[in-house]
Amino acid sequence: MEQKERPNFITNIIDEDIQNNVYTDNRVHTRFPPEPNGYLHIGHAKSSLLNYRLAQKYDGLFNLRFDDTNPIKEEVEFVEAIQKDLHWLGVEWGDRLFFASSYFSEMVAYAEELIQKGLAYVDELSGEEIRAYRGTLTKPGKNSPYRDRMPDENLKLFKEMVAGKHPEESMVLRAKIDMASPNMNMRDPVIYRILHVEHPNTHEEWFVYPMYDFAHPLEDALEGITHSICTLEFEDHRPFYDWVLDNLDDYQKERPQQIEFAKLNLTQTIMGKRYLKQLVDSGIADGWDDPRLPTISGLRRRGYTPESIQNFCEEIGVAKANSTVDLGMLEHFVRDDLKLKTPRYNAVLNPLKVTITNFPEDQEVEWLEVQTNQEVPEMGTHRVPFTKELYIEKEDFMEVPVKKYFRLFPGNEVRLRGAYFVTCNEVVKNDEGEVIELKCTYDPETKSGSGFTGRKVKGTIHWVSAENNVPIEVHLLNPLLEKDTEFDSENFLEKINPDSRVVTHGYGEPEIKNMQTLEKAQFIRNGYFSVDPKYSKEDQLVFNRVVELKSSWRPTKK
RNA sequence: AGGGGUAUCGCCAAGUCGGUAAGGCACUAGACUUUGACUCUAGUAUGCGUAGGUUCGAGUCCUGCUACCCCUGCCA
């Protein structure tokens, strides 16, 4: 993977650590700790790539660790999917795959150490009471009546909790810090709760499960992580992260440091895991891999490439300021990546029939040789059938042209890309007055590649033979949120762009027939398209439009 | 008795010891063009949330103010 030198506040911190010899041998060790309760989205791509590349840049280590501390929300389906997505993205962890749940024994031991040091206690207050005792943002909390239990009794009770002798919600283990702390996270946070639930990995071994705030610093420390990178909302959890390690004998020397960065937001995009889940559950999306979703699997199915996402993540940078990146930025990087990687074919999405009136009577078809990608000669050429009856794009004809219209209109001549100049002589309409056919003549002198310079033409349009083509279904995908729609977590489902998927049927040149699932091509002047793996069938290719081509054409004044 | 963060072009974002505002996206103009694409060229902050101060010199230091984000799960 290409590595561009792009400094950010995290590399600055690491550089400083190296200068000060903070870690043995100046090692750098990062990790990506997804919770297996949903699919990864492009925000996770930013995070995982950040951690992975940091390790690469400093010749360090990178761990993939599933943060499976809450058995109620997690499923194995997700740990499979997450690994698949990460592999595809180009994030490599080798054999460094870990599960937080495999540290449960150590975590319990550390909890007992805190208890023995008088720094943790078993609280029998109810959930509601705990909340009430916690106070508010502006008022201090008050101590639980169980706060001053002796270590021995706490230890005995905790061991009973671990042994499953107490019912759920009957008691919790809490850190003993300061109920008056201005930081809510330091008001005796709960570190263990009782859950008589089967865990996907540890099965029925445990009756207690650690809370994130307690588990995370331990997971990091146990794995020897140096730089534990997370998102902004954990900033005021950091004091507790440090408190845990401060008070454990094992971590008096080297320990991980938590560093927070701003997570990715994209315009017109629904990003949160729970909102994505709502889209999936409501049926608006046809799965976690719906090509309109910003999930890694959705982007993959849509036709995005790993490189385009990597480059995008590299370019947007890493900082601490909340920000929302313009969707156009992401789109730029797919176009940029697909440009030289994909063949370019003719495909007409909204067909309008054209008859070449002077097409030779004695000829059925003329096979034209065209370059598959003019910018990449190595892609070679392929043949396209030119016949008497053709299809062009409806948009490429106007009976009454607007100003600066370079396409077809009565009396005007344009080039059919890769073929000939063609002039529109007659417009055929149906009873409703709709244009249903154009009668045109072509000039055999103007054959593509013949070097004809006799006259010039302002427009070049794409076309497909009406007699020899492959029918295609095309899904034009648009953002789920229309421009300038504020995301409203309450009722965003009602505000989903009704045109987020527009289905059309058209025709492609014969070459398209051979395209395989997830294979991509540029359809000349229409954009980049990718074969949808879910809807395509043997005899019916279905394409997702990855992204449109840019266009400076603006039909302004009539 | 609240605390923790962030503010540099329309959108991201560099700016490490104060030395006279990188880059990308978008946009505009032009060149090229058998994709109104691509490519190329040029342009776009006398300005760094704001008001003062220190200094020969401040985005960078000091003081005050303002705006926005996060925090009261036995979620992560």
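For the pair A:N143 and A:K403, the difference between a 0.36 nm per residue extended length and the Cα-Cα distance amounts to 85.8 nm. Put the Cα centre of the stretch A:20-54 next to the Cα centre of the stretch A:285-310 and the gap is 21 Å.
Taking every DSSP bridge with both residues inside chain A, close to 70 percent are antiparallel.
Using C-alpha pairs below 8 Å separated by at least 6 residues, the relative contact order for the stretch A:345-469 is 31 percent. Per-residue Cβ neighbour counts within 10 Å put A:W206, A:W367 in the sequence A:W367, A:W206, beginning with the fewest. Pairwise Cα distances in the stretch A:345-469 exceed 26 Å in 19 percent of cases. Please state the shape class of the stretch A:171-234: rounded when a/c is under 1.5, otherwise prolate if a/b exceeds b/c and oblate if not, all from the C-alpha gyration tensor. Oblate is the answer for the stretch A:171-234, as a/c is 1.5 or above yet b/c matches or exceeds a/b. With respect to the cross-link table entries A:K84/A:K520; A:K339/A:K495; A:K73/A:K159; A:K439/A:K550, which display a Cα-Cα separation exceeding 23 Å? Too far apart for the 23 Å limit: A:K339/A:K495; A:K73/A:K159; A:K439/A:K550. Semi-axes of the equivalent ellipsoid of chain A are 62, 24, 20 Å, computed as sqrt(5λ) over the eigenvalues of the C-alpha gyration tensor in descending order. Fully extending the segment from A:D336 to A:K253 would add 25.1 nm, taking 0.36 nm per residue of separation and subtracting the current Cα-Cα distance.
Remark: the A:E361-A:K277 segment gains 24.3 nm on full extension, using 0.36 nm per residue and subtracting the alpha carbon distance. Working from label points 7 Å from Cα in the Cα-to-Cβ sense, the A:N12 to A:K458 distance is 5.3 nm.
Ranked for footprinting exposure by Cβ neighbours inside 10 Å, fewest first, A:D59, A:D95 give A:D95, A:D59. Between A:E389 and A:D431, the simple spin-label model (points 7 angstrom out along Cα→Cβ) gives 2.1 nm.
None of the figures in this text is laboratory data; all of them are computed from the coordinates on show. The structure displayed is predicted, hence computed values, not measured ones. FYI the Cβ positions are ideal-geometry reconstructions off the backbone, even for glycines, and counts take in every protein chain you see.
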